[in-house]
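Okay, so here's the structure we're looking at.
The values are calculated or read from the model by the stated rules, or taken from the named source; none is laboratory data. Computed from a prediction, not measured in an experiment: that's the story for all the values here. Because the Cβ atoms are built from the backbone with ideal geometry, glycine has one as well, and the counts that use them run over all protein chains shown.
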Amino acid sequence: MPRRIAIVGAGVTGLVAGRELARRGFAVTLVERWPDVAGQASAFEVAPGVWLERYYHHLFPSDRAMIELHEELLPGELEWHPSSVGIFTRGRVYPFVTPRDLLTYAPLPLADRVRLGFVVLRLVGRTDWERMDDIGALDWLRRTCGERAVRLVWLPLLLGKFGDDAERIPLAWLWSKFVLRRGKGASAGRERLGYPRGSFRAICVALADDLRKRGGAIELDREVVAVRPEGDGFVLHCAAPGAYRRPLGSGEPDSGRDLRADIVLLTTPTTSTAAVYEWPAEYRARLEAWTYRAAVVLLLEMRRAYLDVYWMNVADLDVPFLGMVEHTNLVPADRYPARYLYVSNYVAPDDPLTRLGPEALLQHYLAALKLMNPSFRPDDVLRYWAFREDAAQPVPRVGNRQRLLSFETPRPGVFVANTTQIYPEDRGTNYSVRLGRDVAEVIAKRHG
């Protein structure tokens, strides 16, 4: 009899791990809280057959794992588009991609611009990420770039991303944003970003279809609320259908929906992982020591373009959001019924912003939208949606490598794989592919 493995979470990591284990002869069941696959890469239809992610995504040319997966399962569907990036500060948008952009960045005096450019080159040239893990990013930037560059560029971005934890973010995290995601050999000119026809949901559906062809099962709308040992295996207690409409973890077990397995892989955030199993106290403390920033995204369907760039960082602490991503400034707008603009924020999971509905969130942002583009009118917005992901961004801290969890847990037969474990890289679909393959390899060696 093949070993039965239950994988909690049908995001990219769970789907890839499930497919790899099914290839190795395991009897795989994926269990997903939502009524669709893809996790944080999930999408919805803005028109019949036209899918758009709830949270913006793209690929860099260095994202080989996800690129190769597309080449295998969806050949020809991944396209590359020229990108553009700006930074909003002091009432206007400045281009912020090339070395020339940096040299013409007027908020900084010329000497500071040159100094900042040399510092970035110095950072990109480093390879000692473990040493950088013991250095606070803002401390290093103050010493190398100067206080003015930190105040006008780095501090607003890191505060917007990490809030009160900004001073504890390690330099290795910032280094990875420059080096590992774009690749050392990237051109200094205009970058190109990858986006699949049909959205990132398409590759997740292709993974799910391939898993089913290999005999795997996917149980949707089935939130796992507890995992308990039973004999030589485990029982997964699941909530009644529709639990995804309520706060995570608030569902009650429905005994008629229990699942049984010999092995369990939890691809959920550490906060959820800590709650579903009776862990030893020391291990539970390690799980609970991880914190996350919640993503709060307002998606606007627009009758006309709002930005002149695809991606805009906001380095103005008076603006109530961190950035904007105009999807249809990357992917041709004629593929969609309108234009689409993401207004993005990262906040603490208990921040009042996370409790605002779409209308209240739009009203909260209207003044800033008008400030940043004086031609904007509220009737430019045709439709709008608000999305929230409580565990969007793991918060790394100085010395973060010491906090990383292995895939194996103190409970034999129970494994964990989530975005806290891809450090020093940041979370992203590419690293989720790699994570799924790596944890599947460990499970296969242990239980194959």
* To do: Could you check how many residues of region 233-292 are part of a helix (DSSP H, G or I), surrounded by fewer than 16 Cβ atoms within 10 Å (Cβ to Cβ) and under 20 Å from the mean Cα position of the chain (by Cα)?
  => 1
* **Residue check for Ser187: of a type in the set (Ser, Thr, Tyr), in the same structural domain as Tyr431 (by TED's automatic domain parsing) and modelled with pLDDT under 95** => no
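State yes or no: is Phe387 over 30 Å from Gly136 (Cα atoms), under 20 Å from the mean Cα position of the chain (by Cα) and surrounded by 15 or more Cβ atoms within 10 Å (Cβ to Cβ)?
It is true that Phe387 is over 30 Å from Gly136 (Cα atoms), under 20 Å from the mean Cα position of the chain (by Cα) and surrounded by 15 or more Cβ atoms within 10 Å (Cβ to Cβ).
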* Of the residues that sit in region 215-232 and are surrounded by fewer than 16 Cβ atoms within 10 Å (Cβ to Cβ) and of a type outside the set (A, V, I, L, M), which one is nearest to Leu74 (Cα to Cα)? -> Gly215
* Of the conditions (1) under 26 Å from Ala289 (Cβ atoms); (2) touching a Ser or Thr at 6+ places or on another chain (Cβ under 9 Å); (3) of a type outside the set (Phe, Trp, Tyr); (4) not in a loop (DSSP other than H, G, I, E, B), Leu405 clears all except one; give me its number. => (4)
* To do: Report yes if Arg54 is surrounded by 18 or more Cβ atoms within 10 Å (Cβ to Cβ) and touching a helix residue (DSSP H, G or I) at 6+ places or on another chain (Cβ under 7 Å), otherwise no.
  => no
* Check region 187-199 and report whether any residue there is part of a strand (DSSP E or B), over 25 Å from His447 (Cα atoms), of a type in the set (Ser, Thr, Tyr) and in contact (Cβ under 8 Å) with a residue 24 or more places away in the chain. => yes
* Does Pro412 satisfy the condition of being free of Cβ contacts under 8 Å to residues at least 60 places away in the same chain and either closer than 19 Å to Arg286 by Cα or not aromatic (Phe, Trp, Tyr) (or both)? -> yes
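May I ask you to list the residues in region 107-124 that are among the small types (Gly, Ala, Ser) and either at positive phi or surrounded by 11 or more Cβ atoms within 10 Å (Cβ to Cβ) (or both)?
Across region 107-124, the qualifying residue is only Gly117.
Just to be sure I understand, how many residues within region 285-303 are farther than 26 Å from Thr268 by Cβ and touching a helix residue (DSSP H, G or I) at 6+ places or on another chain (Cβ under 6 Å)? Don't jump to the end; show me each part of the working.
Initially, region 285-303 is screened for residues farther than 26 Å from Thr268 by Cβ, giving 300-303.
Keeping just the survivors that are touching a helix residue (DSSP H, G or I) at 6+ places or on another chain (Cβ under 6 Å) gives 302-303.
Result for region 285-303: 2.
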* Structure fact -> Among Arg397, Arg446, the single one that is more than 23 Å from Pro247 (Cα to Cα) and part of a helix (DSSP H, G or I) is Arg446
* Meets criteria (in contact with an Asp or Glu (Cβ under 9 Å, 6 or more places away or on another chain), among the polar types (S, T, N, Q) and farther than 25 Å from Val296 by Cβ) for Thr104 -> no
* Given (1) surrounded by fewer than 18 Cβ atoms within 10 Å (Cβ to Cβ); (2) over 22 Å from the mean Cα position of the chain (by Cα), where does Leu102 come up short, assuming only one miss? -> (1)
* Asked: Of the residues Met302, Met324, Met312, which single one is over 21 Å from the mean Cα position of the chain (by Cα) and either of a type in the set (Ser, Thr, Tyr) or surrounded by 13 or more Cβ atoms within 10 Å (Cβ to Cβ) (or both)?
  -> Met302
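Considering every residue within region 154-171, establish whether at least one is surrounded by fewer than 16 Cβ atoms within 10 Å (Cβ to Cβ), in contact with a helix residue (DSSP H, G or I) (Cβ under 8 Å, 6 or more places away or on another chain) and not assigned by TED's automatic domain parsing to the domain that holds Asp318. Lay out the reasoning, then the answer.
Step one: of region 154-171, the residues surrounded by fewer than 16 Cβ atoms within 10 Å (Cβ to Cβ) are 163-164, 167.
If we keep only those that are in contact with a helix residue (DSSP H, G or I) (Cβ under 8 Å, 6 or more places away or on another chain) too, we end up with 167.
Checking which are not assigned by TED's automatic domain parsing to the domain that holds Asp318 leaves us with 167.
So far as region 154-171 goes, yes, one or more of its residues are surrounded by fewer than 16 Cβ atoms within 10 Å (Cβ to Cβ), in contact with a helix residue (DSSP H, G or I) (Cβ under 8 Å, 6 or more places away or on another chain) and not assigned by TED's automatic domain parsing to the domain that holds Asp318.
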* To do: Taking Ser432 as the residue in question, decide whether it is in the same structural domain as Arg303 (by TED's automatic domain parsing) and either touching a residue at least 24 places away in the same chain (Cβ under 8 Å) or more than 23 Å from the chain's Cα centre (by Cα) (or both).
  => no
* In region 150-173, how many residues are β-branched (Val, Ile, Thr) and without any contact (Cβ under 8 Å) to a residue 24 or more places away in the chain? -> 1
* To do: Mind counting the residues in region 325-342 that are part of a strand (DSSP E or B) and touching a Ser or Thr at 6+ places or on another chain (Cβ under 7 Å)?
  => 3
* Could you grab the pairs with beta carbons closer than 9 Å, sequence gap of 6+ or different chains, first residue in region 116-134 and farther than 16 Å from Leu102 by Cβ, second one among the polar types (S, T, N, Q) and surrounded by fewer than 17 Cβ atoms within 10 Å (Cβ to Cβ)? => Asp133/Gln402
